[in-house]
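Trainee: Encoded as structure tokens, here's the structure I'll be asking about.
Please treat every number below as a calculation from the coordinates, not as lab data. Quantities reported herein were computed from a predicted structural model and do not represent experimental measurements. No Cβ is skipped: glycine too gets one built from the backbone with ideal geometry, and neighbour counts run over all protein chains shown.
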Amino acid sequence: MSTPARTRSFDWEDPLATASRATTLSGGEFLMAIAAGSIPQSPVARALGFTLSEVGDGSAVFTVEPAEYHYNPIGLVHGGLAATVLDSAMACAVQSKLPAGKAYTTLELKINLVRAITLRSGPLRAEGKLIHAGSRVATSEGRLVDAAGRLYAHGTTTCMIFDTHAE
């Protein structure tokens, strides 16, 4: 007996219009506007259901609640969710320190998955913290934890820094 298919839909704003606003604000200002809701969340955040909830000086926190649509065929949340939300937290920790006119992209991403994520894991926090910010390269680290502080994944990233007008 098959169960009825589940559906999910979501909407998003034009990501290029949002990105153009990043060129006139510092990274921290841009991220705080996203967290406050005056600039929309990214399409990937909308698709996967995670939210930028906190921005600090060299830090960023995203929250996500594991859902059925995050599951893989073996009945667990796909590791790509942990990787994506940690990539976002770690990279935004870098972005929080950038002046207006500077941008970044992830050059390297290393994620360690240490505990299975399921619906019972409850809300998770991806906490990104800057390690080093140079003029061309920055590094940061991140942890994915539940409400009790149990670790589900951790990682590091290296980001390239560049001028927004030099694509």
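Trainee: Out of the trypsin sites (Lys or Arg not before Pro) in the stretch 92-128, which ones are loop residues according to DSSP with at most 12 other C-beta atoms within 10 Å?
Mentor: none
Trainee: Let me ask another. Using only the alpha-carbon atoms of the chain as identical scatterers, what base-10 log of I(q)/I(0) does the Debye formula give at q = 0.13, 0.17 Å⁻¹?
Mentor: Values, matching the q order: -0.62, -1.01.
Trainee: Report, in debye and to the nearest 20, how large the dipole of the stretch 8-73 comes out about its Cα centre when Lys and Arg carry +1 and Asp and Glu carry -1 on their Cβ.
Mentor: Approximately 100 debye in magnitude.
Trainee: Among the complete DSSP H segments of the chain, which ones combine at least 18 Å of alpha-carbon extent along their axis with a mean Kyte-Doolittle hydropathy of 1.0 or more?
Mentor: 79-95
Trainee: Once each part is reduced to its C-alpha centroid, what is the distance from the stretch 1-19 to the stretch 86-131 in angstrom?
Mentor: Between the Cα centre of the stretch 1-19 and that of the stretch 86-131, the gap is 22 Å.
Trainee: Mind checking the stretch 1-91 for chymotrypsin sites (Phe, Trp or Tyr not before Pro) that DSSP puts in a loop (not H, G, I, E or B) and that have at most 14 other Cβ atoms within 10 Å?
Mentor: When the chymotrypsin sites (Phe, Trp or Tyr not before Pro) of the stretch 1-91 are filtered for loop state and at most 14 Cβ neighbours within 10 Å, Phe10, Trp12 remain.
Trainee: How long, wide and thick is the stretch 15-109, going by the Cα atoms along their three principal axes, in whole angstroms, largest first?
Mentor: Principal-axis extents of the Cα atoms in the stretch 15-109, largest first: 45, 27, 23 Å.
Trainee: Also, quick follow-up: Magnitude of the Cβ-charge dipole of the stretch 15-163, K/R +1 and D/E -1, about the Cα centre, nearest 20 debye?
Mentor: In total the dipole reaches around 120 debye.
Trainee: Once the dipole of the chain is set up with Lys and Arg at +1 and Asp and Glu at -1 on Cβ about the Cα centre, which of Leu16, Ala93, Tyr152 lies farthest towards its positive end?
Mentor: Of the candidates, Tyr152 comes out farthest on the positive side.
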